[in-house]
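Reviewing the structure listed below.
The values are calculated or read from the model by the stated rules, or taken from the named source; none is laboratory data. Note that this is a predicted model, so its numbers are computed, not measured. Glycine gets a Cβ as well: all are built from the backbone with ideal geometry, and neighbour counts include every protein chain shown.
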Amino acid sequence: MAQNPIRIGFVGCGRQATAAWYPNFATIPELDLAACCDLQPELAERNARFYGARRWYTSLEQMLAAETLDAVMVVGPPLMHYECGKQVLEAGLHLMMEKPAALRTEQAQELAELAAAKGVITQIGHNMRHAPGVQKFRELMAMPAFGKLLYLESRYFMPSPMWHETADVRTGWNYMIFQATHAVDLARGIAGEIESVYARLSVGEEGRFAIACAVAFASGAAGTITLTGCTPNWTCQLEAAGDARAHLRLVNLHTLEFEPHTAESGYRPSPGIPGNYWKPATRDNAEVRSGYWGQMQAFARAVQRGQPDSPTLRDAHRAMVVCDAILDSIEQRSPIDLPKS
């Protein structure tokens, strides 16, 4: 039996929310955009008109008081995530937020603990986990032809960030929670919990930089997280090796190569494996390539069935813990063991 769509109040009508989140409401039947909210009335009114919200507000408090909602989505800067997220959780509503959950790790932990105490479902916007290419990557990794994961590389190269000090936070922290966290979350989502990291930083002209980080997973797999702020274009890549002598590579969340091994055919597809090259049909970046559409549908379905999907606010906090550990390792020039989750 089909379930009723969940009634959503959306907080934030800025550039990121409007480009990557709002357009997906039209094609996700599990979601009902009841209201939207922004401090700037012209943005709230615009998004309500463009994307079909029945009402708009300039105050989250007013929206929560006036609307009968199942859940709230929050997309904006980290301080807004923390403050609005806390208000939503205290109201006992399910919550989905863009990453990072907060500016500081302890604030993200506070939100995760509050959500657990309230018994609500949460999801953080690590959208790449829900990209079709990443889903296919996980599916192929689970096949006997791949075997047990031995090695995973999570690569995230960017052209523009600089390695510099920022007021009120440690050097490199903004880059870690806005950009590097994608590579960290993908590594955790694919290979499981991270037990230790050992990172080195190289800084060049005008703050251009690169980070190489060796990673040990609780599963026993080894890995690397590689990061840059010096390349001409954005590149996101996952690469994995399994003990069945198989190799997986996913480039920019979109193009997947799978090389399984058989004694008869060498490194060519074996029976039952759907080819060694895969590329999804692409309609637009937000819906297919980057996983925004998938993460929003996953949240809606999680609320409908009453069981959380991943990544949750606990995952958001854990990703920040790993980012902290990478910076600790760079500063101390030594391996860092992470606390148990």
Query raised in the report: Can you pull out the residues in region 1-34 that are within 16 Å of A300 (Cα to Cα), assigned to a strand (DSSP E or B) and touching a helix residue (DSSP H, G or I) at 6+ places or on another chain (Cβ under 6 Å)?
Result: I6, G9, L31, L33
Requested in this report: Would you mind finding the one in P132, P100 that is at pLDDT below 95 and touching a helix residue (DSSP H, G or I) at 6+ places or on another chain (Cβ under 9 Å)?
Outcome: P132
Requested in this report: State whether the residues of region 104-121 include one that is more than 16 Å from H317 (Cα to Cα) and either crowded, with 22+ Cβ neighbours inside 10 Å or in the same structural domain as L186 (by TED's automatic domain parsing) (or both).
Outcome: no
Report summary line: I8 passes all but one of the listed conditions (1) of a type in the set (A, V, I, L, M); (2) under 19 Å from the mean Cα position of the chain (by Cα); (3) crowded, with 24+ Cβ neighbours inside 10 Å; the exception is number (2)
Requested in this report: Given the conditions (1) at pLDDT below 95; (2) assigned to a loop (DSSP other than H, G, I, E, B), report the number of the one that S219 does not fulfil.
Outcome: (1)
**Report entry** Residues within region 54-90 that are buried (at least 17 other Cβ atoms within 10 Å of the Cβ), part of a helix (DSSP H, G or I) and either of a type outside the set (S, T, N, Q) or modelled with pLDDT under 95 (or both), tallied
**Finding:** 12
Query raised in the report: Mind checking which pairs have a first residue in region 86-97 that is farther than 15 Å from A116 by Cβ and a second that is among the aromatic types (F, W, Y) and buried (at least 17 other Cβ atoms within 10 Å of the Cβ), Cβ under 8 Å, 6 or more apart or different chains?
Result: M96/F299
Query raised in the report: Being without any contact (Cβ under 8 Å) to a residue 40 or more places away in the chain and farther than 30 Å from V169 by Cα, is that true of even one residue in region 67-75?
Result: no
Query raised in the report: Taking region 159-202 as the search range and keeping residues that are surrounded by fewer than 20 Cβ atoms within 10 Å (Cβ to Cβ), touching a residue at least 12 places away in the same chain (Cβ under 8 Å) and aliphatic (A, V, I, L, M), which one is farthest from A222 (Cα to Cα)?
Result: V169
Query - Qualifying positions in region 222-248 - under 14 Å from L149 (Cβ atoms), in a strand (DSSP E or B) and more than 17 Å from the chain's Cα centre (by Cα) - result: A222, G223, T224, E239, A240, A241, G242, A246, H247, L248
Query raised in the report: Which numbered condition trips up E165, out of (1) over 22 Å from the mean Cα position of the chain (by Cα); (2) modelled with pLDDT of 95 or more?
Result: (2)
Query raised in the report: Looking at this structure, is R15 in contact with a strand residue (DSSP E or B) (Cβ under 8 Å, 6 or more places away or on another chain) and either surrounded by fewer than 21 Cβ atoms within 10 Å (Cβ to Cβ) or farther than 28 Å from L114 by Cα (or both)?
Result: no
Query - Conditions (1) under 21 Å from the mean Cα position of the chain (by Cα); (2) modelled with pLDDT of 95 or more; (3) not β-branched (V, I, T); number of the one not met by Y198 - result: (1)
